[in-house]
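Peer 1: First the structure, which I've put down as structure tokens, then a few questions once you've had a look.
Just so you know, all these numbers are worked out from the coordinates, no wet-lab data involved. Here the structure is a predicted model, which means the values were calculated and not measured. No Cβ is skipped: glycine too gets one built from the backbone with ideal geometry, and neighbour counts run over all protein chains shown.
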Amino acid sequence: MAFTLARSSMKTSLCALLCILVASEVGVPRCTAALGINYGQVGNNLPSPAQVVSLLASLRIGKVRIYDVNPQVLAAFAGTGIELIVTVPNDLVQPMAASPGQALQWVTASVRPYFPATRVTGIAVGNELFTDDDEALKASLVPAMRNLHAALAQLGMDGYVHVSTANSLAVLATSYPPSQGAFTAEVAPLMSQFLKFLAETNAPFWINAYPYFAYKDDPTRVSLDYALSNPYHVGAIDPYTRLQYTSMLYAQVDAVSFAAARLGYNSIPVFVSETGWPSKGDTDEVGATVENARAYNRNLLLRQAAGEGTPLRPRQRLEVYLFALFNEDMKPGPTSERNYGLYQPDGRMVYNVGLVQQSTSAASLSLAASPATRTDVKKNFAGLCLLSSLAILLISQAFLLG
């Protein structure tokens, strides 16, 4: 992989700087609107849904994805305004594909009783099914989605709730350089049907993307800075588009966009339904450390604060769901699987990325460089004014210089 240095636009950089400066001083309730988090429940020691809602509200996180339709969770989110993506379990996909009535029954029983008090905005049909070994299950995915969408329309909910599915990055045969992104030959026929459905219903393409795996599998050739999305390093330049990438995650997202365009769909939004970095792993899980996990998630938060889009779609802010809210002690697999959480089940931070709990209704997501402590409001305000004035002066000079 060739890395070269490219010069960014001064105006764009200074505007982003202003947003980050403001974020670092007083929090960014508006700048983090696209930030979401995955709330998994594969553990025997997790807090109650009501306690989780309180935690999320204190952090000003406005988007959450869950992996079921747990009635206690749906009820706990009522009246919070938090957007919720729920999930159809894999074993219901084929029955829903075979029967519109089954899809209607599921929506009526599992989602409709809580809506609109609970702000369900998305239904994920299964998880990473296009890379499953069950061919019949894969073939049932889009028909099940169509039946679910028809059920939502029948109940008057289709204008509020999107239907999609979360995909593994393994649906791509090629992901680098991003402009050469292409789906695998096995997936492409089904993917065309899926993309057609998304285009017809104005739904997003959800991708589960983990630069950690690329780094773990080849740490001598994959740049850690690039995998961690560190903004101030020599990035990778796509040789065909000349677009510069300082984030592997953003390159992976653009690879999906290019792959969809190859099948005739070049305007479907691509959102990140899962991404994260483990804070602990087995001896062969290179890079699974607290320091790297903190850096990865903090870098994404800063990019969210700056309202960043990908190089291909710079004006379309990338929606990202971090994985995950808690460490989950009952997940199978290697040690890393149980250590993606920002929090321990008892509410202690695994590490501090700047997610600072606030106790008032005016709470916000702070991106402080160090663990936050309460400081004098006047000092914060004075510091904000000084930093903002400096940033505005620099921006003004940049525009005057053309």
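Peer 1: In nm, to one decimal, how far is the modelled label at Arg313 from the one at Glu186, with both set 7 Å along Cα→Cβ?
Peer 2: 2.7
Peer 1: Kirkwood Rh, Cα Rg: Rg to Rh for segment 120-185?
Peer 2: Radius of gyration over Kirkwood radius for segment 120-185 works out to 1.08.
Peer 1: Going 7 Å from the Cα of Ala78 along its beta-carbon direction, which residues of segment 158-198 have the amide nitrogen within less than 20 Å of the resulting point?
Peer 2: 161
Peer 1: Using Cα-Cα distances under 8 Å and only pairs 6 or more residues apart, what relative contact order does segment 31-132 have, in percent?
Peer 2: Over segment 31-132, the number comes to 28 percent.
Peer 1: Give me the compactness ratio for segment 163-211, meaning the Cα radius of gyration over 2.2 N^0.38 Å.
Peer 2: Normalised Rg, Cα atoms only: 1.16.
Peer 1: If you don't mind, another one. Spin-label point model (7 Å from Cα, Cβ direction): what's the Glu135 to Thr174 distance in nm?
Peer 2: About 2.6 nm separates the two model spin labels.
Peer 1: May I pose another question? With N residues in segment 137-289, what two-decimal value do you get for its Cα radius of gyration over 2.2 N^0.38 Å?
Peer 2: After normalising by residue count via 2.2 N^0.38 Å, the value is 1.16.
Peer 1: What full-extension length gain, to one decimal in nm, is calculated for Asp91 and Asn352 as 0.36 nm per residue of separation minus the Cα-Cα distance?
Peer 2: 90.2 nm
Peer 1: Students often forget the sequence filter, so: which aspartates and glutamates lie under 20 Å Cα-Cα from Lys216 once same-chain residues fewer than 8 apart are removed?
Peer 2: Hits, sequence-local ones excluded: Asp225, Glu274, Asp282, Asp284, Glu285, Glu291, Glu337.
Peer 1: Which three semi-axes in whole Å describe the equivalent ellipsoid of segment 224-276, each the square root of 5 times a Cα gyration tensor eigenvalue, listed largest first?
Peer 2: 22, 15, 7
Peer 1: Would you mind pulling out the separation of the Cα centroids of segment 295-340 and segment 214-264, in Å?
Peer 2: 15
Peer 1: A follow-up question, please. Hey, with R₀ at 60 Å, roughly what FRET efficiency would Asn45 and Arg242 work out to, going by the Cβ-Cβ distance, to 0.05?
Peer 2: Efficiency computed from Cβ-Cβ geometry: 0.75.
Peer 1: Now for a different question. What translational D, rounded to a whole number of µm²/s, comes out for segment 182-248 from Stokes-Einstein when the hydrodynamic radius is the Kirkwood one over Cα pairs, at 4 °C and 1.567 mPa s?
Peer 2: For the chosen part, D equals 89 µm²/s.
Peer 1: Determine the sum of side-chain charges near Lys216: Lys and Arg each +1, Asp and Glu each -1, restricted to other residues whose C-beta is under 9 angstrom from that of Lys216.
Peer 2: Its environment carries a net charge of -4.
Peer 1: Per the Kirkwood formula on distinct C-alpha pairs, the Rh of segment 228-324 is how many angstrom?
Peer 2: Its Kirkwood hydrodynamic radius stands at 14.5 Å.
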